[in-house]
Amino acid sequence: MSIEIRPMIRDDLGEIVDLSLRAWIPVFDSMLEMLGEPIFQQLFGADWQEHQAQDVRRACRDFETFVAVDDDQVVGFTALDVSDGETGEIYMVAVDPLHQGRGIGLQLTNFGVERLRQAGKRMAIVGTGGDPGHAAARATYTKAGFTKFPAEQYYLML
């Protein structure tokens with residue numbers, strides 16, 4: 001496996017959105033099951049894929065974005081918030097399901113940490129869900145050395 005991580009170029013955006021939506025199907029299925037339809041739709045609208053595609057496009061526009069490339073194919077990405085302050089954020093990470101289980105998510109996470117360090121950050125943060133769909137993400141962040149701080153968020157439809 002020879003993965004190259006490089007800055008995103010404009011032509012990568014379609015591949016990034018497509019692989020993200022494929023990668024996050026289990027995540028959104030899990031959230032739907034845990035939250036129920038009314039809350040899920042309140043959070044993500046009638047079409048979670050359109051909502052998420054817009055969020056990925058925004059992240060790629062607003063944050064430093066890097067892609068993992070294998071044999072000239074974009075197989076994953078990360079978006080990093082390196083704005084002012086001592087803390088930087090790994091805002092998004094996704095790996096194409098056809099390439100998961102090869103350590104690419106960990107490579108992107110470690111790359112993000114190093115980029116935040118180079119940007120002068122003293123701390124890196126990353127958030128993820130506690131549901132079953134986010135289990136792989138939690139495992140990746142633990143392997144990368146992040147310390148978990150349990151938190152809970154509650155929703156109530158009014």
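Things to note:
- Accessible-area order (highest first, 1.4 angstrom probe) of the listed residues Arg57, Arg122: Arg122, Arg57
- In this structure the chain gives 60 Å² per residue of accessible area when probed at 1.4 Å with all protein chains present.
- Spherically averaged projected area of segment 43-144 from its Cα convex hull (nm²): 7.4 nm²
- Rounded, prolate or oblate (a/c below 1.5 giving rounded, otherwise prolate when a/b exceeds b/c) for segment 15-54 by Cα gyration tensor: oblate
- Peptides 82-89, 144-151 ranked from most to least packed give 82-89, 144-151, packing being the mean of other C-beta atoms within 10 angstrom over each peptide's residues.
- A simple rule links phi to the HN-Hα coupling: the Karplus curve 6.51 cos²θ - 1.76 cosθ + 1.60 with θ = phi - 60°, which for segment 93-110 gives 9, 8, 10, 3, x, 5, 10, 6, x, 10, x, 5, x, 5, 4, 5, 5, 4 Hz, with x for Gly and Pro.
- For the pair segment 78-145 / segment 1-34, the C-alpha centres are spaced 13 Å from each other.
- Sorted largest first by accessible area at a 1.4 angstrom probe radius, with every protein chain in place, the residues Arg117, Arg10 fall in the order Arg10, Arg117.
- Comparing Asp96, Asp131, Asp11 in a Gaussian network model of the chain (Cα springs below 10 Å), the most mobile by mean-square fluctuation is Asp11.
- Rounded to the nearest 500, the 222 nm mean residue ellipticity of the chain from helices alone is -13500 deg cm²/dmol, with -39,500 (n - 2.57) taken per DSSP H run of at least 4 residues.
- Computed accessible area, Ile9, all protein chains, 1.4 angstrom probe, square angstrom: 90 Å²
- Net charge dipole, the chain: roughly 600 debye, given to the nearest 20, about the Cα centre with Cβ charges of +1 for Lys and Arg and -1 for Asp and Glu.
- Simple spin-label estimate for Glu37 and Glu50 in nanometres, 7 Å along Cα-Cβ: 1.8 nm
- For segment 1-94, the convex hull drawn through the C-alpha positions has a volume of 122 cubic angstrom per residue.
- Contour excess over end-to-end distance, with Cα ends at Gln153 and Ala135 and 0.36 nm allotted per residue: 4.8 nm
- Approximating the spin labels as points 7 Å out from Cα along Cα→Cβ, the Arg57-to-Glu114 distance works out to 3.3 nm.
The values are calculated or read from the model by the stated rules, or taken from the named source; none is laboratory data. This one's a predicted model, so the numbers in the text were calculated from it and none came from an experiment. FYI the Cβ positions are ideal-geometry reconstructions off the backbone, even for glycines, and counts take in every protein chain you see. Areas reflect the complete protein model, heavy atoms only, side chains present, ligands, DNA and RNA absent. Shrake-Rupley method; radii C 1.70, N 1.55, O 1.52, S 1.80 Å.
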